[in-house]
């Protein structure tokens, strides 16, 4: 078929099942915007900042499993979008950033707003491409969409010279990118099944590899079949029912010593779809590197992950839900006698930790919201200490979803909630955000206003960058510097977006779960 390069790119996105793209418009990719004009299958969402657009695309990707699409102009726009590339890499979220670039004759000449994107994004993107010949565009798009979802999902960047986009291209109609679900070998399955059959104290650590369709259900079946306690990796609370007797808790920024002592007593650790990064492993202390004292099974679809930090007894490079399906097909044997006592020990510790109260007002509010969350609710969270009650007090249970930045990026909460409310208009969406993070990307509520979205915002206002102040007060007592905020009138901001505003001083307002945009401000 014959088309412009811009039109071919849009057709390739459509073939990949993409139905939404987020952008801040720029003159460097006007032909691409024109190719999306009135498009029947791709909804173009205009945002107010590239960081917000990128965060929306990441949230949409985590909800759909398809690459999130964000489009930005060259130079300043690309710099603003960099936070999304880093967040997608840390969050294992498939993302495709399409960046307008200077004309080909001006490349590498220090032109207006020119950046070498391979150098800029090379350490955080899975792949960076800059096609200069129309004939290379089909291969570039196919490869980009494939890489974004393969192994550990992540970000891919394509820089598009503006004079390339209008050129004609003769190419076959784009096809959906190939997907692979690497299967475990029968020997691997048999070995893991035998280890599970012997272990008195197994512990599964669940990560991003179980976020896809069917992953949560597979994990639950696995835990119940083998009576294996499950801990979730950093900020992945929604992978396993938090009120289940086999839920051992989350591996977060600083787990209590008693809980970690118990985890160290495990005789089998099954790392399922997790990279075993520094936070999940408590700064690489659990398991103990390089050779854990527990038997370690590490399963991930990316061959570079198993064994990267810890020597694994079984390194399974495979699709984790597929591995679980193979394990469930094995003939179950009798459970070792200590398995039930082990699971109860971990569950008791998890209940003890969840019962701790640090901020009575916020804990009470979050607990009340949790009681009223529907079974299919979506909760988004910004980065910050204000979210501690959220992780303590909301007993997430699939199909409820938690979208929180694994990267710790402030400003994620509001854009993620707006994207979630667009993607699932039938589901209740609640965004938890601090006053610092809200003023970074709160302007994306303009999209909620435009689209008439149902969305609740819970804003914790302590007039400070709270997380940083906690560290500052610990390390430099009595010497606050740079962490105090002077805030605007959030009531007026909320009302400017058409929100029903409530200042919360105790009980949750009766109409907090009403239709439309609702804004709750907790001042403390």
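The values are calculated or read from the model by the stated rules, or taken from the named source; none is laboratory data. For clarity, every value in this text was computed on a predicted model and none was experimentally measured. We place every Cβ from the backbone using ideal geometry, glycine too, and count neighbours over all the protein chains shown.
Quick check: anything in region 430-452 closer than 20 Å to residue 514 by Cα, touching a helix residue (DSSP H, G or I) at 6+ places or on another chain (Cβ under 7 Å) and free of Cβ contacts under 8 Å to residues at least 40 places away in the same chain? Talk me through it step by step, then tell me what you get.
Initially, region 430-452 is screened for residues closer than 20 Å to residue 514 by Cα, giving 430-433, 445-452.
Okay, now just the ones that are also touching a helix residue (DSSP H, G or I) at 6+ places or on another chain (Cβ under 7 Å), so 430-433, 445, 447-448, 451.
Then keep just the ones that are free of Cβ contacts under 8 Å to residues at least 40 places away in the same chain; that gives 451.
Checked region 430-452: at least one residue is closer than 20 Å to residue 514 by Cα, touching a helix residue (DSSP H, G or I) at 6+ places or on another chain (Cβ under 7 Å) and free of Cβ contacts under 8 Å to residues at least 40 places away in the same chain.
Residue check: is residue 40 crowded, with 24+ Cβ neighbours inside 10 Å, over 20 Å from residue 140 (Cβ atoms) and without any contact (Cβ under 8 Å) to a residue 40 or more places away in the chain?
no
Does residue 26 fit the bill of being closer than 23 Å to residue 383 by Cα, modelled with pLDDT of 95 or more, crowded, with 18+ Cβ neighbours inside 10 Å and in contact with a strand residue (DSSP E or B) (Cβ under 7 Å, 6 or more places away or on another chain)?
The answer is no for residue 26.
Go through (1) assigned by TED's automatic domain parsing to the domain that holds residue 93; (2) within 28 Å of residue 90 (Cα to Cα) for residue 162 and report which single condition fails.
Condition not satisfied by residue 162: (2).
Determine whether residue 399 is surrounded by fewer than 17 Cβ atoms within 10 Å (Cβ to Cβ), part of a loop (DSSP other than H, G, I, E, B) and touching a helix residue (DSSP H, G or I) at 6+ places or on another chain (Cβ under 7 Å).
no
Does region 481-490 include one or more residues that are outside any loop (DSSP other than H, G, I, E, B), over 26 Å from the mean Cα position of the chain (by Cα) and at pLDDT 95 or above?
yes
With respect to the numbered conditions (1) more than 24 Å from the chain's Cα centre (by Cα); (2) over 30 Å from residue 197 (Cβ atoms), which one is the sole condition not fulfilled by residue 375?
With respect to (1) more than 24 Å from the chain's Cα centre (by Cα); (2) over 30 Å from residue 197 (Cβ atoms), residue 375 is out only on (1).
Which one of these is touching a residue at least 40 places away in the same chain (Cβ under 8 Å), in a loop (DSSP other than H, G, I, E, B), in the same structural domain as residue 228 (by TED's automatic domain parsing) and within 25 Å of residue 212 (Cβ to Cβ): 243, 278, 238?
243
List the pairs whose first member sits in region 310-334 and is without any contact (Cβ under 8 Å) to a residue 40 or more places away in the chain, whose second member is exposed (fewer than 14 other Cβ atoms within 10 Å of the Cβ), and whose Cβ atoms are under 6 Å apart, counting only residues at least 6 apart or on separate chains?
310/289; 311/290; 311/291
Can you name the number of the only condition in (1) surrounded by 23 or more Cβ atoms within 10 Å (Cβ to Cβ); (2) in the same structural domain as residue 206 (by TED's automatic domain parsing); (3) in a helix (DSSP H, G or I) that residue 386 fails?
So the condition that residue 386 fails would be (2).
Being more than 30 Å from residue 234 (Cβ to Cβ), over 22 Å from the mean Cα position of the chain (by Cα) and touching a residue at least 40 places away in the same chain (Cβ under 8 Å): is that true of residue 139 here? Give the steps one after another, and end with the answer.
Details: more than 30 Å from residue 234 (Cβ to Cβ): yes; over 22 Å from the mean Cα position of the chain (by Cα): yes; touching a residue at least 40 places away in the same chain (Cβ under 8 Å): no.
No: the conditions fail for residue 139.
Any residue at all in region 257-271 that is on the phi > 0 side of the Ramachandran plot and in contact with a helix residue (DSSP H, G or I) (Cβ under 7 Å, 6 or more places away or on another chain)?
No; the residues of region 257-271 include none that is on the phi > 0 side of the Ramachandran plot and in contact with a helix residue (DSSP H, G or I) (Cβ under 7 Å, 6 or more places away or on another chain).
Return the only residue of 358, 344 being in a loop (DSSP other than H, G, I, E, B) and surrounded by fewer than 15 Cβ atoms within 10 Å (Cβ to Cβ).
Within the list 358, 344, the selection yields 358.
Being in contact with a strand residue (DSSP E or B) (Cβ under 7 Å, 6 or more places away or on another chain) and under 30 Å from residue 344 (Cβ atoms) narrows it down to one of 223, 194, so name that one. Even if it seems obvious, please write down each step before you answer.
Numbers: 194 fails: in contact with a strand residue (DSSP E or B) (Cβ under 7 Å, 6 or more places away or on another chain).
From the options 223, 194, the qualifying one is 223.
Could you say which residue among 444, 426 is crowded, with 20+ Cβ neighbours inside 10 Å and in the same structural domain as residue 517 (by TED's automatic domain parsing)?
444
For residue 48, work out the one condition from (1) in contact with a helix residue (DSSP H, G or I) (Cβ under 8 Å, 6 or more places away or on another chain); (2) surrounded by 19 or more Cβ atoms within 10 Å (Cβ to Cβ); (3) within 25 Å of residue 411 (Cβ to Cβ) it doesn't fulfil.
Going through the list (1) in contact with a helix residue (DSSP H, G or I) (Cβ under 8 Å, 6 or more places away or on another chain); (2) surrounded by 19 or more Cβ atoms within 10 Å (Cβ to Cβ); (3) within 25 Å of residue 411 (Cβ to Cβ), residue 48 breaks only (2).
State all residues of region 313-323 that are in a helix (DSSP H, G or I) and under 23 Å from residue 292 (Cα atoms); if no residue qualifies, say none. Can you show your working first?
First, the residues of region 313-323 that are in a helix (DSSP H, G or I): 320-323.
Within region 313-323, 320, 323 meet the criteria.
Against the condition outside the structural domain of residue 420 (by TED's automatic domain parsing), modelled with pLDDT of 95 or more and more than 22 Å from residue 407 (Cα to Cα), how does residue 57 come out, does it pass?
Spelling it out, it is not the case that residue 57 is outside the structural domain of residue 420 (by TED's automatic domain parsing), modelled with pLDDT of 95 or more and more than 22 Å from residue 407 (Cα to Cα).
If you check residue 7 against the conditions, is it more than 27 Å from the chain's Cα centre (by Cα) and either closer than 22 Å to residue 175 by Cβ or not in a helix (DSSP H, G or I) (or both)?
yes
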